[in-house]
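Each remark here refers to the structure printed beneath this line.
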Amino acid sequence: MLVAITSDIHNNLANLKKVLDYCADKKIHPVKSRKTGAASPQFNGVNIMICCGDLASLETLDFLNDNFSGKIFYCFGNMDDEQMTSLQRGHPERSEACLPARQGSRINNASVLSNKILHCVQNDAEKYKNTLVFKNHGEIKIAGKSVAFVHYPNMAKKLAESGKYDFVFYGHTHKPWEEMIGQCKVLNPGNVANEVYPPTFAIWNTENDKFELVRVNELE
């Protein structure tokens, strides 16, 4: 399975579309068997996206939902006050759009570990049916691995140091980064917005736990 890890989109819909087109096109990838070592092609596109904050508008969240058919896990960043207010209190056109989801529920091969989330339902059940929104940080399990994601690097460090997670993803700095803290891999996919640093995002292959940094400016 392939998982896209993104952050800091900042309303750059042109670049976000490139990311989503890449995810849609990545249908076939060789996977090595852990038992035999033999490689075989598998039809399995990107069907989970983790966004580490700073979409920067509800319209960008709508664009993401409209153009990505997989599961979306999204946590708020410092530029997401508009979404936070709208999703918690109800948008003028989206009354009671989000309610808490249940801890332990399974969605698209991912288990929800944290109950501190806003699950978009009710009037926007169809539009947001594949989206889980986390107010502070998200905790999920994918392919048997415990994953946390958050916007801020200091919070990411604390989560990694807790020893609870195999992977911790974060954003905010706009700079791609990868390091080990104890037994936990900590990764920043960079930014989609093309601000401060060139735009990038990451693809996680859960079959072998390899990560690929994708440069948005090199995509058509």
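What follows is calculated from the coordinates using simple rules that are stated; it is not laboratory data. The structure displayed is predicted, hence computed values, not measured ones. Quick reminder, even Gly has a Cβ in these numbers, built from the backbone with ideal geometry, and neighbours come from all protein chains shown.
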Most exposed to least, judged by fewest other Cβ atoms within 10 Å, Glu220, Glu212 sort to Glu220, Glu212
Which of Lys18, Lys26 comes first, and how do the rest follow, when ranked by fewest Cβ neighbours within 10 Å? Lys26, Lys18
Using only the Cα atoms of the stretch 123-219, build the gyration tensor, take square roots of its eigenvalues as a ≥ b ≥ c, and label the shape rounded, prolate or oblate: rounded if a/c is under 1.5, else prolate if a/b is larger than b/c, else oblate. rounded
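Subtracting the Cα-Cα distance from 0.36 nm times the residue separation, let me have the gained length for Ser146 to Asp62 in nm, one decimal.
My answer for the length gained is 27.5 nm.
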For Ser7, Ser146, ascending order of other Cβ atoms within 10 Å (fewest first) is Ser146, Ser7
Give the peptides 60-71, 131-142 in descending order of average Cβ contacts within 10 Å, highest first. 131-142, 60-71
